[in-house]
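The values are calculated or read from the model by the stated rules, or taken from the named source; none is laboratory data. Every value quoted in this text rests on a predicted model; they were computed, and no experiment measured them. Note that each Cβ is placed from the backbone with ideal geometry, even for glycine, and that neighbours are counted across all protein chains shown.
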Amino acid sequence: MTRLILTLIRCLIVLSLMLLKPVWAVEIIANPDVPVSSVSQNALRAMFAMKLLQWSDGRPVRVFVLPDDNPLHRAFCKEKLDLYPYQLRQTWDRLVYSGTGQAPTEVDSEADMLSSVARTPGALGYIRKSRLNDAVRILTVE
Amino acid sequence: MKRAIFQLGTLLMLACISTATRAMDNLPDGVQLHGFASQSLISTDHNNFFGQTQDSASLGFTELGANISWRINPKVQMSAQAISRRAGETDNGTPRLDYATLDLTAYADETSRYGLYLGKIKNPYGLYNETRDVAFARPSILLPQSIYFDRLRNFSLASPGISLYSQNRLAVGDLSMQISAVRPNASDEESERTFLGKSQPGSIDSKTSYIGRLLLEPDNSRLKLALTGVQINAQYQPGGGDALQAGVIDFRSWILSAQYNAENWVLTSEYARRRIVETGFGPFFLNGTTYGTSYYVQGAYTLSPRWSVLARYDYSVADDADKDGIKFQSKSGLPAYSRFAQDWTAGVTYNASRSWQLRGEYHHVDGTFWLPYGDNTNPASTARYWNMWLLQAAYRF
């Protein structure tokens, strides 16, 4: 009987932890001047890997990311790119230290992300759905 | 005195780096500055590795580097990197240009990109060559010497030339190709001793050489499969009173690389087969063809966001027809164990922050195939079985 109660308590704890765990509804955002409203997952992955450097009209892509250990960045990598954050870091390191590319611009907070994407032409980034505003364009991922 | 000058130089460079870091926010659009620094402490029970390490500890291994890149537009980028590397007697820290590359994209769309690199270019070789001096981009303090042979690092690192590249996003995964025509640097002491057995009065001049790599990354780059081909041509220029004649070296190598990236672990293996043809050196040299083999198997496991561990087995043999080196010993009088090496490695990494990393590493080695000549000038005083302990602190921005 005690064992059953203990098991029940444990289940309750696990359940409440699961409910407390934040749900990251991540949205891909771009500067309003960006000429598209949707993007394929392959193209998105290539843009965040700093290998696809231009939009369909030839305008440069300016990529903004949060730090590697930021929970939203981790959720974004998993949900939107299906990559582990360390894979992106490896790709950027290779480009940066071999002279064949550049790293994305790192911003410290979601507020910075939102304002940077809003004011930089060709900007691409991501944000929590609850933080969205009209200064940026939402890109749907096909 | 020399040490004092070096330390002063290091401090100045670090001061420049930190100033640059502070100035980074004010850089013009499209310009980026990055850099790295590492200092290692190395100790061995026998043989010397990057300094006087036997029964002692040496700070003889230091890496410093800084680079600037300017993305002028999506089709043009200019980049250059300077490095200073101290590695015992094999590298004295003299700053040098690591690469200076102009990247011209000829065509790009959503699924492909074609272009060329001009200038001094990092050689596309295996999985780690292009970033082998950056501690953060390596899995361990020392790269597996079987494939990333430090004796031939100048030879394989970067070379002046031209390189064509293509990148295609296919249904099976990303496919990238790069092929370079280069003139590698083979005129240093370690290369000379590797190819010619000992320091000779003349020098090795490279001719046009080729290196190419095909890289396929299925399953969202979780799997990486690469095939590298190398063909290096060089000619010996005899010096005054030289017993050797103007011989020719034809070095060819194939490297197969495979890596699997899971959420918490990475499994990596690379296998190489080399062929060295040496002809025309005259009667006082062992002209002929030698086949050699190298491979390693490596596993890394992430314990937590800060801690990870690594284990590796690394094997190389100079001559497949003389695996235990006995024939070589009877002909040359040099130790048989200098013709092979088996290295069992265990390592631990602590990522203190995004910019700071600490590593510890242990090597148990059977053989001295990749032991630096410069640090071990008398082959008779080397030992077949030896152990090495390393600690490294690394910084990057």
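Things to note:
- Within region B:76-115, considering residues that are charged (D, E, K, R) and outside any strand (DSSP E or B), the one farthest from the other protein chains (Cβ to nearest Cβ): B:E89
- Comparison of B:A321, B:A311 shows that the only residue that is without any contact (Cβ under 8 Å) to a residue 40 or more places away in the chain, of a type in the set (G, A, S) and part of a strand (DSSP E or B) is B:A311.
- Positions within region A:85-118 being over 13 Å from A:P67 (Cβ atoms) and in contact (Cβ under 8 Å) with a residue 40 or more places away in the chain, in sequence order: A:T91, A:L95, A:G101, A:Q102, A:L114, A:S116, A:V117, A:A118
- Residue within region A:51-68 that is assigned to a helix (DSSP H, G or I), among the hydrophobic types (A, V, I, L, M, F, W, C), more than 9 Å from every other protein chain (Cβ to nearest Cβ) and surrounded by 20 or more Cβ atoms within 10 Å (Cβ to Cβ) present: no
- Pair list, Cβ < 6 Å and 6+ apart or interchain, from region B:213-232 residues that are closer than 27 Å to A:Q41 by Cα to residues that are crowded, with 18+ Cβ neighbours inside 10 Å and among the β-branched types (V, I, T): B:R213/B:T228
- Within region A:110-139, being modelled with pLDDT under 95 and hydroxyl-bearing (S, T, Y) holds for one residue alone: A:S130.
- Some residue of region B:167-180 being surrounded by fewer than 19 Cβ atoms within 10 Å (Cβ to Cβ), in contact (Cβ under 8 Å) with a residue 24 or more places away in the chain and more than 14 Å from every other protein chain (Cβ to nearest Cβ): yes
- B:F155 being more than 14 Å from chain A (Cβ to nearest Cβ) and surrounded by 20 or more Cβ atoms within 10 Å (Cβ to Cβ): yes
- Close pairs (6 angstrom Cβ cut-off, 6 or more residues apart or separate chains): closer than 20 Å to B:D250 by Cα in region B:263-290, among the aromatic types (F, W, Y) and part of a loop (DSSP other than H, G, I, E, B) anywhere: B:N287/B:F281
- Scanning region A:87-123 for residues that are in contact with a Lys or Arg (Cβ under 7 Å, 6 or more places away or on another chain) and away from every other protein chain (no Cβ under 12 Å) yields A:E110, A:L114, A:A123.
- Single unsatisfied condition, B:S199 versus (1) part of a strand (DSSP E or B); (2) of a type in the set (S, T, Y); (3) away from chain A (no Cβ under 14 Å): (1)
- Those residues of region B:280-306 which are among the small types (G, A, S) and within 24 Å of the chain's Cα centre (by Cα), in sequence order: B:G292, B:S294, B:G299, B:A300
- Test: residue in region B:367-375 that is under 26 Å from B:A135 (Cα atoms), part of a loop (DSSP other than H, G, I, E, B), among the β-branched types (V, I, T) and touching a strand residue (DSSP E or B) at 6+ places or on another chain (Cβ under 9 Å): yes
- Extreme residue, modelled with the lowest pLDDT, among residues of region B:118-157 that are among the aromatic types (F, W, Y) and within 20 Å of B:A341 (Cβ to Cβ): B:F155
- Filter pass, B:L64 being within 14 Å of chain A (Cβ to nearest Cβ), on the phi < 0 side of the Ramachandran plot and among the hydrophobic types (A, V, I, L, M, F, W, C): yes
- Residue ID - surrounded by the most Cβ atoms within 10 Å (Cβ to Cβ), chosen from residues in region A:30-50 that are touching a Phe, Trp or Tyr at 6+ places or on another chain (Cβ under 8 Å) and more than 23 Å from B:V31 (Cα to Cα): A:V36
- The set of residues from region B:118-140 being within 7 Å of chain A (Cβ to nearest Cβ) and in a strand (DSSP E or B) comprises just one member, B:K122.
- Some residue of region B:127-136 being crowded, with 18+ Cβ neighbours inside 10 Å, under 18 Å from B:A181 (Cα atoms) and either out of contact with any strand residue (DSSP E or B) (no Cβ under 8 Å at 6 or more places or on another chain) or not polar (S, T, N, Q) (or both): yes
- Out of B:I179, B:I211, one residue alone is touching a Leu at 6+ places or on another chain (Cβ under 9 Å), of a type in the set (A, V, I, L, M) and within 29 Å of B:L267 (Cβ to Cβ). It is B:I179.
- Any hit, region B:223-245, residues being of a type in the set (A, V, I, L, M) and more than 30 Å from A:R94 (Cα to Cα): yes
- Close pairs (6 angstrom Cβ cut-off, 6 or more residues apart or separate chains): on the phi > 0 side of the Ramachandran plot in region B:357-371, part of a loop (DSSP other than H, G, I, E, B) and loosely packed, with under 15 Cβ neighbours inside 10 Å anywhere: none
- Picking from residues in region B:263-294 that are small (G, A, S) and part of a strand (DSSP E or B), the one that is modelled with the lowest pLDDT is B:G288.
- Considering residues of region B:311-339 that are hydrophobic (A, V, I, L, M, F, W, C) and within 16 Å of B:I276 (Cα to Cα) only, the residue surrounded by the fewest Cβ atoms within 10 Å (Cβ to Cβ): B:A321
- Within region B:213-252, tally of residues that are part of a strand (DSSP E or B), in contact with a Phe, Trp or Tyr (Cβ under 9 Å, 6 or more places away or on another chain) and of a type outside the set (A, V, I, L, M): 8
- Breaking point among (1) away from chain B (no Cβ under 13 Å); (2) over 12 Å from the mean Cα position of the chain (by Cα), for A:K129: (2)
- So B:R86, is it closer than 26 Å to B:D188 by Cα, free of Cβ contacts under 8 Å to residues at least 24 places away in the same chain and crowded, with 18+ Cβ neighbours inside 10 Å: no
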